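**Student:** Shown below is the structure under consideration.
What follows is calculated from the coordinates using simple rules that are stated; it is not laboratory data. In this text the structure is predicted, and so the values were computed from the model without any measurement. Cβ atoms come from the backbone with ideal geometry, glycine included; neighbour counts cover every protein chain shown.
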Amino acid sequence: MRASRYLIATQKETPADAEIISHQMMLRAGMIRKLASGLYSWLPMGLRVLRKVERIVREEMDKSGAQEVLMPAVQPAELWQESGRWEQYGGELLRMNDRHGRDFCFGPTHEEVITDLIRNELKSYKELPANFYQIQTKFRDERRPRFGVMRAREFIMKDAYSFHVNAESLNDTYQVMHRTYCAIFDRLGLDYRPVEADSGAIGGSASHEFHVLASSGEDAIVFSTDSDYAANIEKAEAVAPAGDRPSPSEEMTEVATPEQRTIEAVATFLKVDANRCAKTLLVKAEEDDNGNSGLIALILRGDHTLNEIKAENLPDVAEPLTMATDEEIEQVVGCKAGSIGPVALPVPVIVDRSAAHMVDFVCGANKEGHHLTGVNWERDVALARVEDLRDVVEGDPSPDGKGTLEIRRGIEVGHIFKLGNKYSKAMNATVLDENGKSAILEMGCYGIGVSRIVASSIEQNHDDKGIIWPDAIAPFEVAIVTLNGHKSPAVMAAGEKLYEQLRQAGFDVLLDDRNERPGVKFADMELIGIPHRFVVSERGLAAETLEYKGRRDEDKQDIPLAEALPFLI
Ligand code: ATP
Ligand code: MG
Ligand code: MG
Ligand code: MG
C-alpha cells in the first residue's frame, strides 16, 4: 500500500475523553473514530488489525473442528421468551419493534438462535458432537460504555456453541476449546491467563475466563505463587475459607476516626493519590442489572464547590459515573450541599463487593452518623475497614494449599462455559440417542471479544511514541520510508523496488511515499506501530545501504541494499 493513497488519519493531540492508552492510541493512530457512545467506525488502518485478529481466531476454530455459520444479528423476541431471557436479561438487551409491532432484539449473544437452528437440523446422536461458531457484530447496551472498543456497545465477538448427547462429550469439547483459546492468544502474542470463573448467571457447571494482564483491566484475578491455581476474584472469594483475620467489627472503632484516615484508606484501596481522592466525593450509582445499587462516596475537601466535584472523575479507577444532583446529595447526606466538607464527612468507609465490576463501592455517612440511602448501617459499618472488604487479599494462602495468592488486573478477552441443558431444555432441543430415545442436548458456549483484543494488545504493547504491534496482527509488517522521494527519483525508484520485492515475498508493506517531512513520517510510522522500518535515502543509496529499525530497537542500523529481504526473513 502506498501511504500517499491511503487514509493515514493520525493525530498529535491526545483526545480528552480517552482515559486509557489503547483508546488514546487507537484514536491518535487513526484506527477508529467514535460515532456515538459505544459506537465506533473502523478506519482502514484499524480494520486491517481487526481482520488479522479475526483470521487467527477463524483459523484456530477451524482447526479445532468447529464449523463456521453466520446468524442474524436481529433476533425475534419469541425465542427469548422461550428461554425466559426476554424478561431476565435487563437493560443491556436492545429491544425494538418492526413495522408490524413485533418485538425483536439486537443480539447480545446467540444461545437462543443457535438452539433453535440445531433443534430443527440435528436429529440423531450420530451427528454429535458438533460445534458451530460465528464472528459477528453484537450489541449490548452497556451501562457505561468506555475505553473505546474495549467496552463498546456494538462490538465483534466470536461466539461458538457446541452440542452433545452427554456430559463427557461436552467435557471433551470444552477441553478442546480451552486449548484452542490458548493457541489463539499465544499466536496473538498476548500475555494472558486462563482463570476459573463462576458460571453464575448463565447457568452451567464450569467456566473459565481468559484475561489479558493489564493495569487498566476492569477485573481482578487471583493466582497462586506456587501452583497453577488461578481464578477471577468472584470465584476466588466464593471458595475462600473464612481465615483468622480479626472480624471486621473488631476494627470498626479504629476506622470511624478522623477524616484523614478515611481518605488514606480510600486512597490506598483505590491505589490513587490521597490528595486527588480527597477531591471527589459523591456519585450516585444507579441500580445495575443485578439489582445492586448504592452510593460511591469519596471524601470531599471543604473548599470544593459541587460543580467542581461533578466535573471530576475518579482517576485511574472509575469512569464518570452518573453524578448526583445537588438535591440528591442534600437528601442523601442530610446537610446542605455546599457545606459538605472534610469536617462534615469524617466517615467510616464501607465497601460493598456487589459493585465489584468497577472498583468496589464506597459508601459514607454524615457526621451525625446518619447512614446514606441504601446502606444498612448496622450491617455495613461492620465492614468498615477497606481491606476487610475482600475475603481474599494478597498473601492469603492459595485454596489448593500451595503458595500464597497474588492479585492482578485483567481484561476479559475470552470466556468458555459448560451450559449443560439450560437452553436445550427450555427450548426442547433433543436428538434420538443410541436407544432411539429422545435425549435433551448438552451444550457449551465459547466467546472471544475480537474487537476488544485489538485494544488489549495495545495495552500490553506500546511506548511513549505509540503502538508496537506484534508482527502477527500489525496493520502492515514493514514500513518503507522514502526520504525526500518527491525530489529524488533515485530514492523513489529504490523505495518502489524494495516495496515490490517485499510484497512479492508475502509481506504487508506500507510505502511511505508521502510528500512529508522525515520527522512527520517517522512519527506516524511509530505511532501506528509498524514493527519493521526501512529508510531509503540519497545518502544511503550512495553507500548502497538502507537504514533498518525494529519498532522496539534502541538504535537503527545500516544494512546492504540487496539484503533487505534476507534480513527480514
Ligand atoms: P464483561 O465482563 O467485560 O462485561 P462479559 O462477561 O459480559 O464481559 P461475555 O458474555 O462473556 O462478556 O462475552 C464474551 C466476550 O465478549 C467477553 O469475554 C469479552 O471479551 C467480549 N465482550 C463482552 N462485552 C463486550 C463489550 N461491551 N465490548 C467489547 N467486547 C465485549
Ligand atoms: Mg458484560
Ligand atoms: Mg465478564
Ligand atoms: Mg464473560
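**Student:** Where does segment 492-569 land on Rg(C-alpha)/(2.2 N^0.38 Å)? Display every interim value, and only then the final one.
**Tutor:** On the way: Rg = 11.9 Å, N = 78, 2.2 N^0.38 = 11.5 Å.
In units of the globular-protein estimate, segment 492-569 measures up at 1.03.
**Student:** What order do you get for 399-411, 543-555 when each peptide is scored by the mean count of other beta carbon atoms within 10 Å, highest first?
**Tutor:** Peptide ranking by packing, descending: 399-411, 543-555.
**Student:** Next question, about the same structure. Quick one: how many lysine pairs does segment 39-186 have with C-alpha atoms less than 29 Å apart and a gap of 8 or more or different chains? Give me the count, please.
**Tutor:** Qualifying lysine pairs in segment 39-186: 10.
**Student:** Moving on. Sorted by packing (mean other beta-carbon atoms within 10 Å per residue), highest first, where do 85-94, 468-477 land? Write out the running numbers ahead of the final one.
**Tutor:** Numbers: 85-94: 15.3, 468-477: 20.6.
Highest to lowest by the protection proxy: 468-477, 85-94.
**Student:** Mind checking which of HIS100, MET61, LEU47 is farthest towards the positive end of segment 1-139's charge dipole, using Cβ charges of +1 (Lys, Arg) and -1 (Asp, Glu) about the Cα centre?
**Tutor:** Positive-most Cα among the choices belongs to LEU47.
**Student:** Taking 0.36 nm per residue of sequence separation and subtracting the Cα-Cα distance, how much length would be gained by fully extending the chain between PHE567 and GLU82, in nm to one decimal? Don't jump to the answer; show the numbers that get you there.
**Tutor:** Numbers: separation 485, 0.36 × 485 = 174.60 nm, distance 6.01 nm.
So the chain would gain 168.6 nm between PHE567 and GLU82.
**Student:** Given +1 on the Cβ of Lys and Arg, -1 on the Cβ of Asp and Glu, and no further charges, what dipole in debye does segment 405-455 carry about its Cα centre, rounded to the nearest 20? Let's see the in-between values first.
**Tutor:** Numbers: 7 positive and 5 negative charges, 47 e Å.
Charge dipole of segment 405-455: 220 debye, to the nearest 20.
**Student:** Another one. Given that compact globular proteins tend to follow 2.2 N^0.38 Å, what is the ratio of the alpha-carbon Rg of segment 56-145 to that value? Don't skip to the end; give the middle numbers.
**Tutor:** Details: Rg = 15.1 Å, N = 90, 2.2 N^0.38 = 12.2 Å.
Rg over 2.2 N^0.38 Å, computed on Cα atoms: 1.24.
**Student:** So, one more: Quick check: convex hull of the Cα atoms in segment 412-481, volume per residue, rounded to a whole Å³?
**Tutor:** Numbers: hull volume 9.7 nm³, N = 70.
Spelled out: Cα convex hull of segment 412-481, divided by residues, is 138 Å³.
**Student:** Follow-up question, since we're still on this one. If packing is taken as the mean number of other Cβ atoms within 10 Å per residue, what is the order of 450-462, 182-194, highest first?
**Tutor:** 450-462, 182-194
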